[in-house]
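These notes are about the structure you will find just below.
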Amino acid sequence: MVGDYKRSKFLAERVALEFARGGLPVVIVNPTAPVGDHDVKPTPTGKIVADFLSGDMPAFIDTGLNVVDVRDVAAGHLQACQLGRAGERYILGSENLTLAEIFAKLAKITGRKAPTVRLPYAVAWCAGVCSTAWAEVTGTPPRVPLNGVRMARKKMWVTHEKARRELGFSLVRPRRR
């Protein structure tokens, strides 16, 4: 587990599964990387989009993640409450994409240019070390969080097939404009 946040989610899931083994009707959902409206903080995935939109993404690392519309995640939570089996986990995801593919999609939607410079992992890691150390000195969030770089080392691709099969989790929802 990379970072305190990921570790805390993993440990909380273990406790929830223990409750399920004890007979409580616990169903677990694991959303992948949700994107969508009202991500005001933003989440790490939302920050990628916000940085792209502000032109503050000059380069990228070769990684991949599974992105999902936040509205599909909300529907998946309801489906899990209604149809999920106690003690089971369901991945609420959508499409496995490289970061370059995500930027290409954002470029097509917005008309902005996608970054074309791909950083080697070692360069990104060094930037993460420096940025994270500087953040500790200044008390500001790191521009390149080292934990994010570490997670990016591996493509985080998954399938939502179990949620589709058992919950009816569907990504083809009518979108309001």
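The values are calculated or read from the model by the stated rules, or taken from the named source; none is laboratory data. Since this is a predicted model, take the numbers as computed values, not measurements. Don't worry about glycine lacking a Cβ; one is built from the backbone with ideal geometry, like all the others, and counts go over all protein chains shown. Note: areas computed on protein heavy atoms with side chains; ligands, DNA, RNA excluded. Shrake-Rupley method; radii C 1.70, N 1.55, O 1.52, S 1.80 Å.
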So the carbon and sulfur contribution to the accessible area of the chain, 1.4 Å probe, in percent, is 61
J(HN,Hα) series, region 105-117, from Karplus relation 6.51 cos²θ - 1.76 cosθ + 1.60, nearest Hz, glycine and proline x | 5, 4, 4, 5, 5, 9, x, 7, 7, 7, x, 10, 8
List the relative contact order of region 72-177 as a percent without decimals, with contacts defined as Cα pairs under 8 Å and 6+ residues apart.
-> 40
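What length, rounded to one decimal in nm, is gained on full extension from A59 through to A107, with 0.36 nm per residue of separation minus their alpha-carbon distance?
Stretched out fully, the A59 to A107 stretch lengthens by 15.9 nm.
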Can you list the lysines whose alpha carbon sits under 24 Å from that of K108, skipping same-chain ones fewer than 8 residues off?
-> K47, K155
So what is the relative contact order for region 18-86, in percent, with contacts set as C-alpha pairs under 8 Å and at least six apart?
-> 50
How long is the gain from K162 to E95 if the chain were fully straight, where each residue apart is worth 0.36 nm and the alpha carbon distance is subtracted?
-> 22.7 nm
Ranked output for segments 17-24, 56-63 by mean other Cβ atoms within 10 Å, highest leading, reads 56-63, 17-24
Take the alpha-carbon positions of the chain, form their convex hull, and give its projected area averaged over all directions (one quarter of the hull surface) in nm².
-> 11.6
Measuring from centroid to centroid over Cα atoms, what is the spacing of region 1-57 and region 65-79 in Å?
-> 12
Measuring from label point to label point, each 7 Å out along Cα→Cβ, what is the H38 to C126 span in nm?
-> 4.4
When Lys and Arg each count +1 and Asp and Glu each count -1, what net charge do the other residues less than 11 Å away from A20, Cβ to Cβ, add up to?
-> +1
Amide H of I61: which non-local residues (sequence gap of 5 or more, or other chain) have their own amide H closer than 5 Å, using H built in the peptide plane?
-> L119
